[in-house]
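> Once you've had a glance at the structure underneath, I'll fire off some questions.
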Amino acid sequence: MGYLDDTTWMVEQLPNLIENLKIAHSFYELANIHINKEKTVILANKYAKKIIRNGATSTPTHIDIEFGSIIKVPLLANYKAARILGVYLNPDDHHKTSTKKIFNTINYVTMLIRKKKLTHDHVIYMINKVIIPRIEYLSQHFMLSIHQCNKINISLRSVIKQALNLPKSTFNSVLHSNIYPHIINFFDHQLKVQSSLLVAQANNPHTSNTLKFLFLLCQQKFFLPDSLINFFDLFDKPLNCFSRIESLLTFFKFYNLSLSTNFKFITKGGSYPLAHFVIDKKFLFAHLNSLKNKGIMFLDHIITKDHAFLEDYNTIKKNLQYKGGKIPRWYSFLKDNITINNQGRLIFDLDKPIIQNPTAPRPSIPPVDVDTLHHPKRSQQWVASWAPHFSDIIYGKLLSTNNFPNCSPVSYMEHWIYKDISASSLYTSPRSTPNILVRCQGCAQHFSYYVGDMRPKCIIQKKEELFPRPNIPIKDFQLLKYSHPNYRLMAFNDHLIQRGYNSTVNFRPINPPTQDNLNVLTPLRNMDLIKKLFDDVKISEDLQGIAVTLAPFTDLEFFTDGSYDSTNSQAGFSMGYGWTTSNLFNSNITYNGSLQFFPSSTKAETMAILTALVVCPEFGKIIIHTDSQAAIDSFHKSKNLHTISPRRFNKINNNILWSSIHFIIKTLSLKVKLLKVKAHSGNQFNDIADIQAKLGRTQPIPTTIIHDHLPNQTITLNWNNEIPLDKDVRKCVGTILDYRRLDNHLNHTSLESIKDSTKNLLINWALSSKWFNYNRRNDTTSPLHTKDLKWKIRCSTLTLPTLDIMNRNFPLLIKDRTQCLSCHNHIESNTHLWECPNNYELIKSSFIQMGDILIKLLNSHADRLSLVISDSIKYSPTFKWAYRSEPIHPVALLFLKSYISNDLLGIFRSHINTMKHIVKLIMPYMQQCSILIKNNIWKARNQKWKLLRDAWGITKKSFTNYREIFSRNQRAAAALNRMPVIDNNREMERGYINPFNDFHNFKLDKDFLFILFSSSNFLHSGSFFSHLDEVFSFNNVINNNFFNLAIYNV
């Protein structure tokens, strides 16, 4: 007995499907396979349905198809989808069925969770390990919108708030930040998953061509002449019609991410794509369709030659193939948004030369003849040309031309010069100043050997092609139609095009000159390979020189080594690499260099192997000795995955380096063998390689690989347009998102004091995070542990239910009666609770008690300096104030708010040797202190609150049934009297945007920290919280302007 899974046939036309079904039916009969034909369904997109209708008014619901016999197969409706391998697919790329399934799943599961008696650990597990992966699978082929992701997050947050018994006003950043036990933010998760999926699809040889085609379709969709990546930076958020790739490219800029590709589809003819300037979210595609019909792709074609003005539409229309119709909407849109007056003056300056004159009109070239063609005075044309030797335009009147056999055509013209009248003119701009020409009375350009009319005093010989210019004749001078800057720019632009320059690429010649070297018989393959792979010219030249030296050798042995200094104790970079040859008889060759980004000893070793292989001769037999087993294992793993599983290859560390290594081996046809050598074993060559690696850290220019040309690196995700993410993209993007959530948390308006404490290096975030996730209870999870976590969250986020917060949430019950329950002089808040003078003695006695507990703890477990334990505690800022009756120290306030300070950690470090032992001791101590603070201070405050609440006639049910007791109108009226809440996380609408706005540089203070955190992590590597101290060690980091600060010098 056999089972056949679902089968899918994909064809372009219905007759092809019938032929395939005939073949399938014959196979089923041969194999005696029975199938359920009633479950068959046809998926057809809107174009196929148009063919099926064949002129009918409506699309048929069923189609008769021969499948052994004639069967009626249902045709899937427009917005319905078929389930294939658990994913709902629609031929027109509609996702209504998938989104409906997702929300039904979430509603059903959250309903079940609410009815069960579960702790917060159960709920977090259900959300992160069950619900989110299920949604991820259903949405793998499209991206949910921000609004849809917010709906998902709201549903999930409400469940975890209920499990933790937290109020609805709890910060969202608390529930999603990995500082606390948290649930996954689905929008962040979706961005991480789709980024990884995009890179995997692009770098897989089986799907890379499909992705290139999708990029080309997207480029055609938005009428773009070149890369579409920068185009989507112009959008604040994706439009509803954006595809998965388009939405992803829109989101990248908000996370400082960008893409680089090894392919380009370019349409030449201009420097400024017009699609970048007509972005109106409501009429974008109407604008683009109109531009496509008129054949206008570049802004260059509709502005004046002097870069300053938008052309009048009647002028633009003269150059169009179809000149009818009214003024299009896109032109009015441009007039309203990129010009400042009725004359069409542009609001920005263009920094590239515009391309407008590829086919300038020119005087006709006479036929080849031995005679010179003289032009009568009445038929003489006004012409202009660019003179590169003095960088200016030449005006003239054409006198004669000749085209002798085997010679280039030559023109002779009477020289006229531009008369500048700007000093005496009443005109206000160069464009409005008349262009007046007068005869030249003689200059250095005069051609003395002219044979013909001798009346002109200055005659110029030109072998280049000229182009005519219209004029208005006046007796003693000539007044040209357009301004002098207009003609000057046109002449220069024409000169560039005629001389073979590409004005869109830094004016480099299309065919640069080459020098023939007859002494080189066969060029080495290494030369071109090194030039392509390495960014720095000096490094390329050094490696090319070594490659020439090693060219005669076919068998080579290398000893390679890498060096990594995580402490940066020496000047230079944290990574260095080096190698030496070992089998050359006269003298061995050594080489070293430095590295940056994602530092590790294995990466340094990998670069040493790469630079050693790239200098090897073609068809060489290479043996590499290395003391890194990790590098050897990675070499063999990447070699297999490179061909077997491209997706898993993209997940290995330093995959760009390994891709380059295998590319070098394949290009040079090398036979490579890696051998393990024991480090520091007295091997002469291994010691030389070790010395070279340490010297390499001091090299001023780090070695950088150019990866854009690697065949298996179709798309690379970059951080800050500089650091390629050559590791697991999912983890790298996850790191960025983690820091973004931490950034959002610290920038919450209620946590300004916590942010200041972080900037002053008072909080140890690594241990604080472990403390927030710590479970002291005997059970893995329990209601008591949930209560402990609730206290930690409310304490650390300053959301304990003090009177100011209750008055904000329940104004009709508290009625602005927010005076402190102890001193009655200040508004009771989370800050005042710990600073109230009447609570000082209570807090002081608690700290003395906690200090005594710590002395006993360290006396029992100290590894060193046990005689000074009491002094180290009593003189520390955390406890000193209590023993001396001084004002409460800021570090002690952080301790009250459930944070572990660097001062408290310093006490443990003074007497405990290992961090593992410190963590083992400090967590139970924090639990004991937390219970003590809660019992001594908070419960004492609550006793006073209960008495006051009874006096006010308020009960617990008054708060629970607040919405039932007071009507909506009453609550709304009370809300009007409250201070407005400013949502700092709301995305700003920036109005009209174009490539010359500063929208790229939107890094505000609230976006500044996550960039520093992530950059520090990618530069120095390490655990999540290990870089906060480095970043905040700059006292002025937040006050400095982002654009004046090199974010990597951290």
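The values are calculated or read from the model by the stated rules, or taken from the named source; none is laboratory data. Since the structure is predicted, the reported quantities are computational estimates derived from the model, not experimental observations. Cβ placement follows ideal geometry from the backbone for every residue including glycine, while neighbour counts extend to all protein chains displayed. What goes into the accessible areas is simple: the full protein's heavy atoms, side chains included, and nothing from ligands, DNA or RNA. Shrake-Rupley method; radii C 1.70, N 1.55, O 1.52, S 1.80 Å.
> Go through segment 173-191 and give me each residue that's within 24 Å of the chain's Cα centre (by Cα) and not in a loop (DSSP other than H, G, I, E, B).
S173, H176, F186, F187, D188, H189, Q190, L191
> Looking for something part of a helix (DSSP H, G or I), more than 23 Å from D528 (Cα to Cα) and in contact (Cβ under 8 Å) with a residue 60 or more places away in the chain - is there at least one such residue anywhere in segment 616-626?
no
> From P15, P74, grab the single residue that is touching a His at 6+ places or on another chain (Cβ under 7 Å) and either under 30 Å from Y125 (Cβ atoms) or outside any loop (DSSP other than H, G, I, E, B) (or both).
Going through P15, P74 in turn, the sole match is P74.
> Give me the residue from segment 127-146 that is assigned to a helix (DSSP H, G or I) and not aliphatic (A, V, I, L, M) and, out of that set, nearest to D236 (Cα to Cα). Show your work before the answer.
Our first condition is that a residue be assigned to a helix (DSSP H, G or I); within segment 127-146, this holds for 127-138, 146.
Next, from what is left, pick out any that are not aliphatic (A, V, I, L, M): 128-129, 133-134, 136-137.
Numbers: N128: 29, K129: 32, P133: 28, R134: 29, E136: 24, Y137: 27 Å.
Looking at the filtered set, the residue picked out is E136.
> Do any residues in segment 10-23 that are under 13 Å from I42 (Cα atoms) have Cβ atoms under 8 Å from those of residues that are assigned to a helix (DSSP H, G or I) and open to solvent by 90 Å² or more (accessible area, probe 1.4 Å), where the two are at least six apart or on different chains, and which pairs are they?
Q13/I51; L14/I51
> Can you name the condition, by its number, that L437 falls short on among (1) loosely packed, with under 14 Cβ neighbours inside 10 Å; (2) modelled with pLDDT of 70 or more; (3) of a type outside the set (F, W, Y)?
All conditions are met except number (1).
> Let me ask something additional. Looking at K880, is it open to solvent by 50 Å² or more (accessible area, probe 1.4 Å), closer than 25 Å to K759 by Cα and in a helix (DSSP H, G or I)?
The answer is yes for K880.
> With L761, L746, L800 as the choices, which residue is among the hydrophobic types (A, V, I, L, M, F, W, C), surrounded by 20 or more Cβ atoms within 10 Å (Cβ to Cβ) and over 19 Å from T261 (Cα atoms)?
Sole residue among the options that is among the hydrophobic types (A, V, I, L, M, F, W, C), surrounded by 20 or more Cβ atoms within 10 Å (Cβ to Cβ) and over 19 Å from T261 (Cα atoms): L746.
> Could you pull out the residue among K856, K792 that is charged (D, E, K, R) and surrounded by 19 or more Cβ atoms within 10 Å (Cβ to Cβ)?
K792
> A follow-up question, please. For residues that are at pLDDT below 80 and either part of a loop (DSSP other than H, G, I, E, B) or outside the structural domain of Q441 (by the TED database) (or both), tally how many sit in segment 382-404.
Total satisfying the criteria: 4.
> Yes or no: K253 closer than 22 Å to H95 by Cα and open to solvent by 10 Å² or more (accessible area, probe 1.4 Å)?
Judged against the criteria, K253 is not a match.
> I would also like to ask the following. Just to be sure before I move on: is S290 surrounded by 16 or more Cβ atoms within 10 Å (Cβ to Cβ), farther than 26 Å from A200 by Cβ and touching a residue at least 40 places away in the same chain (Cβ under 8 Å) in the structure I sent? Walk me through it before giving the result.
Numbers: surrounded by 16 or more Cβ atoms within 10 Å (Cβ to Cβ): yes; farther than 26 Å from A200 by Cβ: yes; touching a residue at least 40 places away in the same chain (Cβ under 8 Å): yes.
It is true that S290 is surrounded by 16 or more Cβ atoms within 10 Å (Cβ to Cβ), farther than 26 Å from A200 by Cβ and touching a residue at least 40 places away in the same chain (Cβ under 8 Å).
> While we're looking at this one, here's another question. Select from segment 42-60 the residues that are surrounded by 10 or more Cβ atoms within 10 Å (Cβ to Cβ), out of contact with any strand residue (DSSP E or B) (no Cβ under 9 Å at 6 or more places or on another chain) and not in a helix (DSSP H, G or I) and list them in ascending order.
N45
> Filter segment 368-402 for residues that are open to solvent by less than 20 Å² (accessible area, probe 1.4 Å) and of a type outside the set (A, V, I, L, M, F, W, C) and give the result.
Within segment 368-402, S385, Y395, G396, S400, T401, N402 meet the criteria.
> Ok, one more. With respect to H662, is the statement that it is open to solvent by 20 Å² or more (accessible area, probe 1.4 Å), within 21 Å of L725 (Cα to Cα) and assigned by the TED database to the domain that holds Y577 true?
Yes; evaluated as a whole, the condition is true for this residue.
> Kindly list, by first and then second residue, each pair from a residue in segment 929-956 that is in a helix (DSSP H, G or I) to a residue that is open to solvent by 50 Å² or more (accessible area, probe 1.4 Å), limited to pairs with Cβ atoms under 7 Å and residues at least 6 apart or on different chains.
L932/Q849; N936/L842; I937/L842; A940/L842
> Show me the helices (runs of 4 or more DSSP H) found entirely inside segment 773-828 where at least 3 residues are farther than 24 Å from L175 by Cα and modelled with pLDDT of 90 or more.
Passing ranges, in order: 811-814.
> Give all pairs with beta carbons closer than 7 Å in which a residue from segment 843-867 that is in the same structural domain as I931 (by the TED database) meets a residue that is open to solvent by less than 20 Å² (accessible area, probe 1.4 Å) and of a type in the set (G, A, S); count only pairs at least 6 apart in sequence or on separate chains.
Pairs found: K844/A882; F847/A882; F847/A892; I848/A882; G851/A882.
> Now for a different question. For segment 627-670, list the helices (runs of 4 or more DSSP H) that sit wholly inside it and hold at least 2 residues that are of a type in the set (A, V, I, L, M); which are they?
629-644, 655-668
> Using beta carbons and a limit of 6 Å, which pairs, at least six apart or on different chains, have the first residue in segment 133-152 and exposed (fewer than 15 other Cβ atoms within 10 Å of the Cβ) and the second one in a helix (DSSP H, G or I)?
Here the result reads none, with nothing in segment 133-152 linked to a residue that is in a helix (DSSP H, G or I).
> Sticking with this one: Can you spot a residue in segment 621-636 that is in contact with a Lys or Arg (Cβ under 6 Å, 6 or more places away or on another chain), over 18 Å from N526 (Cβ atoms) and crowded, with 22+ Cβ neighbours inside 10 Å?
Within segment 621-636, none of the residues are in contact with a Lys or Arg (Cβ under 6 Å, 6 or more places away or on another chain), over 18 Å from N526 (Cβ atoms) and crowded, with 22+ Cβ neighbours inside 10 Å.
> Just to be sure I understand, how many residues within segment 883-904 are closer than 13 Å to L854 by Cβ and surrounded by fewer than 17 Cβ atoms within 10 Å (Cβ to Cβ)?
Qualifying residue count for the region: 1.
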